[in-house]
1. Would you check if R273 is more than 14 Å from the ligand (Cβ to nearest atom) and in a loop (DSSP other than H, G, I, E, B)?
2. Looking only at strands (runs of 3 or more DSSP E) that fall completely inside segment 57-158, which ones have 2 or more residues that are over 28 Å from E280 (Cα atoms)?
3. Would you check if there is a residue in segment 33-56 being assigned to a strand (DSSP E or B), modelled with pLDDT of 95 or more and either open to solvent by less than 80 Å² (accessible area, probe 1.4 Å) or in the same structural domain as G332 (by TED's automatic domain parsing) (or both)?
4. Suppose we keep only residues that are of a type outside the set (A, V, I, L, M) and at pLDDT 95 or above within segment 184-196. Which one would you say is surrounded by the most Cβ atoms within 10 Å (Cβ to Cβ)?
5. Only one of (1) touching a Lys or Arg at 6+ places or on another chain (Cβ under 9 Å); (2) within 20 Å of P35 (Cβ to Cβ) is not met by D318, so which one is it?
6. Step by step: first the residues of segment 216-259, then only those that are of a type in the set (D, E) and surrounded by 12 or more Cβ atoms within 10 Å (Cβ to Cβ), then the one that is farthest from E156 (Cα to Cα). Which residue is that?
7. Which of (1) among the aliphatic types (A, V, I, L, M); (2) in contact (Cβ under 8 Å) with a residue 12 or more places away in the chain; (3) over 17 Å from M315 (Cα atoms) is the odd one out, the single condition L123 does not satisfy?
8. Examine segment 133-148 for a residue that is loosely packed, with under 15 Cβ neighbours inside 10 Å, more than 23 Å from the chain's Cα centre (by Cα) and touching a residue at least 40 places away in the same chain (Cβ under 8 Å), and state whether such a residue exists.
Amino acid sequence: MGEAANVFIEGDNLDVLPTLPALLGRAVDLVYIDPPYNTGNDFAYVDDFREDGSRRSRHQAWVAMMRPRLLAAREVLAETGAICVSIDDNEVAYLRLLMDDVYGEDNLLAQVVVNLNPKGRQLGRGFATNHEYVLVYARDARRTVLDASSSDGVDERDFNLTTPDGRRYRLLPLRNTNKKFNPVTARTLHFSVWGDPATGRVSTTPYDGAVEIEPVFGDGRPAVWRWSRPLIDARPDDLVCRVVKGRTGDRVDVYQRDWLLRDTPGGRRKKLRTIWLAEEVGSTDTAVAELKELVGHVFESPKPTGLVRRILGTMPDDALVVDFFAGSGTTGHAVALQNAADGGSRRCVSINSAEPTREGSNARNAGLLSVADITRARLQAVADTVGGGYEER
Ligand SMILES: C[S@@+](CC[C@H](N)C(=O)[O-])C[C@H]1O[C@@H](n2cnc3c(N)ncnc32)[C@H](O)[C@@H]1O
């Protein structure tokens with residue numbers, strides 16, 4: 001395979017997946033897929049009544065379609081890799097059990113709720129559903145390189161203090177403010193430290209001018225520290241003693257200096273929560289707008305690139321990515337955008353079948369005869385506008 005960031009392969013993914021190892025010459029780091037949701041409109045997955053009176057439900061039909069494809073995907077994944085699957089309420093219960101079966105329930109990393117329709121579904125009766133899911137599984141949870149954190153949730157404005165040499169930081173109480181942690185539940189973290197608010201110095205041993213400080217909650221009940229004694233001794237510059245106004249008057253307390261820029265590659269990162277808001281990752285509406293800008297309103301329910309970019313952010317920036325239900329090519333678009341943003345060298349293989357577009361649809365009227373034509377059109381437009389190149393296999 002050449003060096004283009006985006007590669008497209010037309011075909012049934014069940015046929016194409018086994019050809020990837022020879023084509024790519026290496027294992028895949030990340031699979032992201034958004035399979036058909038089985039809303040009841042998909043002809044392929046209707047209830048199937050047998051002659052003997054038994055019935056195969058549409059869920060069973062959907063699982064029967066998905067199982068061999070998920071197995072084939074597992075075969076191409078690196079031991080350190082991960083797979084993320086978008087799904088909605090129709091099949092989430094079936095997919096979760098199927099994934100447990102194929103990938104192992106110990107390898108479930110998260111069932112993320114994604115708020116893709118912030119206004120909520122207004123059609124039909126009942127609840128205005130405004131979320132779907134992404135199931136995240138590691139190929140092997142002990143070995144995966146997936147880092148469940150992100151650098152974009154960090155708000156620099158929270159770091160309101162600056163040292164004389166210009167380093168930004170904020171103060172966090174060294175005391176553990178979570179009531180679950182107290183001298184009974186975390187005995188070794190309840191001890192006295194000594195501090196001097198005039199100099200800020202903190203120590204685990206008494207010294208001249210220092211006052212003894214015990215960790216206490218706001219109401220005066222005993223609390224515990226977040227750092228052990230050895231950690232406090234090892235990082236004295238990251239702690240400061242200050243006088244603070246408490247409910248019962250002034251008291252002396254100890255704070256951690258939490259630096260904006262840590263000595264970690266990629267800077268400061270924040271643990272990803274399991275509810276992803278449309279304002280953070282985009283919505284179905286913003287996804288339609290993104291596609292419209294490049295190709296036109298030619299696909300009904302694309303995913304926003306922000307959703308895929310957040311997933312990409314959990315993997316190394318040279319990840320080899322595969323989307324074998326590529327649809328309008330959102331994953332390839334997200335890969336090109338992410339590379340442009342951080343200088344990464346990710347590559348993406350998109351696979352989609354030549355499913356015909358509907359007669360009279362925008363896509364058909366634009367000369368896009370199959371969904372594969374839509375994928376191609378978008379990935380070509382991505383290469384033209386964002387860069388990274390495009391290649392077809
Ligand atoms: C829900 S859409 C994916 C949408 C995509 N995430 C996006 O943002 O545009 C699922 C896609 O899978 C494709 N598809 C369904 N069965 C397939 C198969 N067996 N092999 C390859 N593609 C398939 C359909 O043509 C459809 O475009």
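1. Judged against the criteria, R273 is a match.
2. 77-87
3. Yes, because at least one residue in segment 33-56 is assigned to a strand (DSSP E or B), modelled with pLDDT of 95 or more and either open to solvent by less than 80 Å² (accessible area, probe 1.4 Å) or in the same structural domain as G332 (by TED's automatic domain parsing) (or both).
4. G195
5. Result: D318 passes all but (2).
6. Residue satisfying both the conditions and the ranking: D233.
7. (2)
8. No.
The values are calculated or read from the model by the stated rules, or taken from the named source; none is laboratory data. Everything quoted here is computed from the prediction, not taken from an experiment. In this analysis, Cβ positions are derived from the backbone assuming ideal geometry, glycine residues included, and neighbour counts consider all displayed protein chains. Each accessible area value is taken on the protein alone, full model and side chains, heavy atoms only, with ligands, DNA and RNA left out. Shrake-Rupley method; radii C 1.70, N 1.55, O 1.52, S 1.80 Å.
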